[in-house]
1. Between residues in the range 5-26 that are without any contact (Cβ under 8 Å) to a residue 60 or more places away in the chain and residues that are charged (D, E, K, R), which pairs lie under 7 Å by C-beta distance while being six or more apart or on different chains?
2. Among the residues of the range 1-28, write down those that are exposed (fewer than 11 other Cβ atoms within 10 Å of the Cβ) and not in a loop (DSSP other than H, G, I, E, B).
Amino acid sequence: MADKEILFSDKDQQKIEAIVIDRDKDEALRFLNKLLEWIKGHPGRVCGPAPIQ
């Protein structure tokens, strides 16, 4: 089983589809950077890392 599960909102799914359809490389890189931040989490919280939304 995976350590983390990523759930995309309807808005995020639409954004991914738009990036693929438009073949927008710059927007794809920005989205991937955002995704990496979600995956990394933020250590140092008392209750553990924040859940990925």
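Any read-out appearing in this document is the output of simple, stated calculations on the displayed coordinates, not a laboratory observation. What you are looking at is a predicted structure, and each value in this text was computed from that prediction instead of being measured. With ideal geometry, Cβ positions are generated from the backbone for all residues, glycine too; neighbour counts draw on all protein chains shown.
1. Pairs found: Ile19/Glu27.
2. Asp10, Lys11, Gln13, Glu17, Val20, Ile21, Asp22, Lys25, Asp26
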